[in-house]
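The values are calculated or read from the model by the stated rules, or taken from the named source; none is laboratory data. Model, not experiment: these values are computed from the prediction. Cβ: placed from backbone, ideal geometry, glycine included. Neighbour counts: every protein chain shown.
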Amino acid sequence: MSTILSIRDLRKRYDGGFEALKGVSLEIEQGEILALLGPNGAGKTTLISTICGITTPTSGSVTVGGHDIISGFRAARSMIGLVPQEVALEPFETVIRTVRFSRGLFGHPRDEALIERILRRLSLWDKRNAPVKELSGGMKRRVLIAKALAHEPRVLFLDEPTAGVDVELRKDMWDTVAELKADGVTIILTTHYIEEAEAIADRVGVISGGELLLVEDKKRLMARMGKKRIEVLLSAPIRKIPPALAAHDLVLTGDNDTLVYEYDTHAERTGITRLLNDVAAAGLVLRDVKTRESSLEEIFVDLVSEGRS
């Protein structure tokens, strides 16, 4: 695949001295889905706003499809669709006229067949003549996506697109994103929902304090940084962990009847066999043993914590 979005040493410093972006560099391939994770104030929205021409960078460069966002602003911006966090829609305008207007803003001729396809894909066709003010919050989010798609962008930014949306509608939107990817649209998604990144992203980027901590293939990231934990359920609760088990760095949880042990799946020895032998030697009776992998959320929290230290 070819690179469609190239960001090099991008910096944004405001007049008061606050540096929102600190030398961000990133290459994004055509047709991929990148999930950008980070806490509030990490720089996610500033990065998107800069790429889309809403905010002027202090230094660095960005090209979209080979077009520089400053010297070739119109060509670069025409390739970008943006779904912002804020739902800013004309409340008394109808859905279909709202979407048509967005297409016209980019100088494209009317294409009723395209508008119909977009509205049907987003389950908005039945609401096409309804005023925006009559829609639910989730449906308004869909209108924002329809507006962003009206001029047929090749790069789509989704800035917290499912914030405040119920679970069922969120999954519908994930399906829509998958369809767009199949059409070759590149998607950059910022989200607070870690399961969103796990469900649909090809790569995951973690940003904190204006710095891009890493960008990596989602599966490879989880394999490289994820840990497994084994939960040893005891037949009876204990008051404290026996001294004979101190070397295993265990945590006593539940109703004092579960021992939790974390281990690296890539280590030469996991220590599980020794642990189970020592548990039996300590006179503890097992009721069950469970294993669980670290979630992407746990990995994300660890990365951000490391970045702050």
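For the range 134-245, give me every one of the strands (runs of 3 or more DSSP E) that falls completely inside it and has 3 or more residues that are over 19 Å from the mean Cα position of the chain (by Cα).
On the way: elements: 155-159, 186-191, 203-208, 211-217, 228-234.
Strands (runs of 3 or more DSSP E) meeting the threshold: 228-234.
Table: residues versus (1) β-branched (V, I, T); (2) closer than 24 Å to E195 by Cβ; (3) surrounded by 14 or more Cβ atoms within 10 Å (Cβ to Cβ).
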| site | (1), (2), (3) |
| --- | --- |
| P84 | no, yes, yes |
| I96 | yes, no, yes |
| R100 | no, no, yes |
| G107 | no, no, no |
| L119 | no, no, yes |
| R142 | no, yes, yes |
| P153 | no, no, yes |
| L158 | no, yes, yes |
| T162 | yes, yes, yes |
Hey, among R110, R100, R120, R77, which residue is among the basic types (K, R), under 20 Å from T190 (Cβ atoms) and either at pLDDT below 95 or assigned by TED's automatic domain parsing to the domain that holds P131 (or both)? R77
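For the range 77-100: of the residues being assigned to a helix (DSSP H, G or I) and touching a residue at least 12 places away in the same chain (Cβ under 8 Å), which is farthest from K127 (Cα to Cα)? If you could, list the steps in order and put the result at the bottom.
From the range 77-100, those assigned to a helix (DSSP H, G or I) are 77-78, 95-100; that's our starting set.
If we keep only those that are touching a residue at least 12 places away in the same chain (Cβ under 8 Å) as well, we get 77-78, 95-96, 98-100.
Values: R77: 29, S78: 27, V95: 7, I96: 8, T98: 12, V99: 12, R100: 14 Å.
Residue satisfying both the conditions and the ranking: R77.
When the residues of the range 7-37 are filtered to those that are at positive phi and part of a loop (DSSP other than H, G, I, E, B), which remaining residue is modelled with the highest pLDDT? Walk me through it before giving the result.
Keep residues of the range 7-37 that are at positive phi, which gives 9, 17, 23, 31.
Still in the list and also part of a loop (DSSP other than H, G, I, E, B): 17, 31.
Values: G17: 90, G31: 94.
Selected residue: G31.
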Based on what the data block shows, is I33 in the same structural domain as L10 (by TED's automatic domain parsing), within 13 Å of I4 (Cα to Cα), buried (at least 19 other Cβ atoms within 10 Å of the Cβ) and without any contact (Cβ under 8 Å) to a residue 40 or more places away in the chain? no
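Inspect all residues belonging to the range 200-210 and state whether any of them is in contact (Cβ under 8 Å) with a residue 40 or more places away in the chain and charged (D, E, K, R). I'd like the intermediate steps shown before the answer.
The first filter runs over the range 200-210 and keeps only residues in contact (Cβ under 8 Å) with a residue 40 or more places away in the chain, leaving 200-210.
After this cut, where a residue has to be charged (D, E, K, R) as well, the list is 202-203.
The answer is yes; a qualifying residue exists.
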Considering only the range 16-55, state which residues are farther than 20 Å from V83 by Cα and of a type in the set (A, V, I, L, M, F, W, C). F18, A20, L21, V24, L26
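Take the range 1-22 and flag every residue that is farther than 25 Å from S78 by Cα and touching a residue at least 40 places away in the same chain (Cβ under 8 Å).
If we filter the range 1-22 for residues that are farther than 25 Å from S78 by Cα, which is where we start, we get 13-20, 22.
Scanning the range 1-22 gives R13, E19, A20, K22.
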Lone qualifier among D278, D249, D288 - being modelled with pLDDT of 80 or more, surrounded by 15 or more Cβ atoms within 10 Å (Cβ to Cβ) and acidic (D, E): D278
